[in-house]
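Here it is, the structure, as structure tokens.
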Amino acid sequence: MPAPATTYSDDLELLRSSAVAAGIIASSFFRRDVKSWHKENASPVSEADILVDRYLASALLHARPDYGWLSEETVDHPSRLDCERVFVVDPIDGTRGFLRGEDSWTVSLAVVENGVPVAGVVYAPVRDEMYDAARGEGARLNGQPIRRNRRAGSAPLIPAPGAVHQEMQAAGLQYTRGPAYPSLAYRLVQVATGKLDAAVARRGSQDWDIAAAALILEESGIGFADVCVGFPQFNKRDVRHGALAALSDMSLKPLVHAALIKVYGCPALDAGGDELSTPLHTDLTDG
């Protein structure tokens with residue numbers, strides 16, 4: 001297969017413009033009477049999620065017809081596995097918060113090349129915050145390089161599910177429990193800004209939840225890992241991941257990773273390296 005003619009920067013500009021348009025569509029439903037229902041996994045979905053997904057599929061695949069497609073709100077098709085580059089899309093990350101009228105929901109878009117994110121956008125329309133990165137070019141917030149801002153000497157700020165919180169406390173980790181933003185992508189990128197010192201996620205997050213944020217964290221110099229296997233790989237047959245941790249201070253890693261593994265365990269893998277279906281601990285869900 002010939003290499004794509006577009007650069008990572010080209011792809012990022014396409015993601016940025018598409019995210020803005022998607023944000024306008026989603027915002028037209030925000031804090032209004034929106035039709036919503038629950039999927040088989042009990043996560044919520046709304047008419048806004050579906051309309052934004054349809055727009056993004058049309059806009060992105062028209063611009064890059066040879067790219068694959070993986071979205072939370074589109075039935076998966078195995079043809080994506082044969083594509084060198086794939087769009088990985090969450091039309092509205094943090095649907096629960098969106099439906100509650102909270103303002104930190106995001107549009108999360110990434111391009112993945114051979115399993116690695118190479119362009120990514122996490123856009124919070126109501127907060128007017130555009131986080132983006134292209135591989136090798138750094139990460140930006142509203143066009144400016146992301147700089148961590150934390151008060152020296154303050155206790156680490158870490159949002160955590162109840163069971164993980166208990167394990168970290170029992171291990172003697174001194175920290176303040178931070179806000180758990182409904183959008184996992186938004187929560188993760190706040191480790192890059194310094195609003196959080198670490199962010200974690202239960203086992204079972206999927207590619208569209210984390211692909212864009214993973215690149216933004218990497219380009220910001222923030223340690224991000226699936227605690228079972230290391231840096232996540234994307235566009236595999238099974239798009240689920242183990243428990244996740246983003247850490248600005250790697251001295252936190254032993255206790256945070258140990259707490260996540262104790263609470264959630266690591267998934268059993270089949271002979272092809274894909275996760276077998278096993279029960280998940282569900283004290284923190286991301287919509």
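The values are calculated or read from the model by the stated rules, or taken from the named source; none is laboratory data. Owing to the predicted nature of the structure, the values given are computational and were not obtained by experimental measurement. As a convention, Cβ positions derive from the backbone with ideal geometry for all residues, glycine included, and neighbour counts pool all protein chains shown.
Does residue 70 qualify as being out of contact with any helix residue (DSSP H, G or I) (no Cβ under 7 Å at 6 or more places or on another chain), aliphatic (A, V, I, L, M) and surrounded by 14 or more Cβ atoms within 10 Å (Cβ to Cβ)?
No, not satisfied.
Taking interchain pairs and intrachain pairs at least six residues apart, which have beta carbon atoms under 8 angstrom, with the first residue in the range 252-263 and farther than 12 Å from residue 203 by Cα and the second part of a helix (DSSP H, G or I) and of a type in the set (A, V, I, L, M, F, W, C)?
255/168; 256/168; 259/164; 259/168
Something else about it: Hey, can you tell me all the residues within the range 223-262 that are in a helix (DSSP H, G or I) and surrounded by fewer than 23 Cβ atoms within 10 Å (Cβ to Cβ)?
250, 251, 252, 253, 254, 255, 257, 258, 261, 262 - these are the residues of the range 223-262 that are in a helix (DSSP H, G or I) and surrounded by fewer than 23 Cβ atoms within 10 Å (Cβ to Cβ).
What residue, of 178, 172, is in contact with a strand residue (DSSP E or B) (Cβ under 8 Å, 6 or more places away or on another chain), assigned to a loop (DSSP other than H, G, I, E, B) and in the same structural domain as residue 221 (by TED's automatic domain parsing)?
The conditions single out 178.
Between a first residue in the range 22-34 that is buried (at least 20 other Cβ atoms within 10 Å of the Cβ) and a second residue that is part of a loop (DSSP other than H, G, I, E, B), which pairs have beta carbons less than 9 Å apart while being 6 or more apart in sequence or on different chains?
Sorted first by the residue in the range 22-34, then by its partner, the pairs are 22/125; 23/125; 23/126; 26/105; 26/125.
Here are some residues: 33, 49. Which one is farther than 22 Å from residue 143 by Cα and touching a Pro at 6+ places or on another chain (Cβ under 7 Å)?
On inspection, the qualifying residue turns out to be 49.
Can you name the residue in the range 47-86 that is among the hydroxyl-bearing types (Ser, Thr, Tyr) and under 19 Å from the mean Cα position of the chain (by Cα) and, of all such residues, is modelled with the highest pLDDT?
Out of the qualifying residues, it is 71.
Being within 8 Å of the chain's Cα centre (by Cα) and not small (Gly, Ala, Ser) is the filter here; which residues of the range 177-205 pass it?
184, 186, 188
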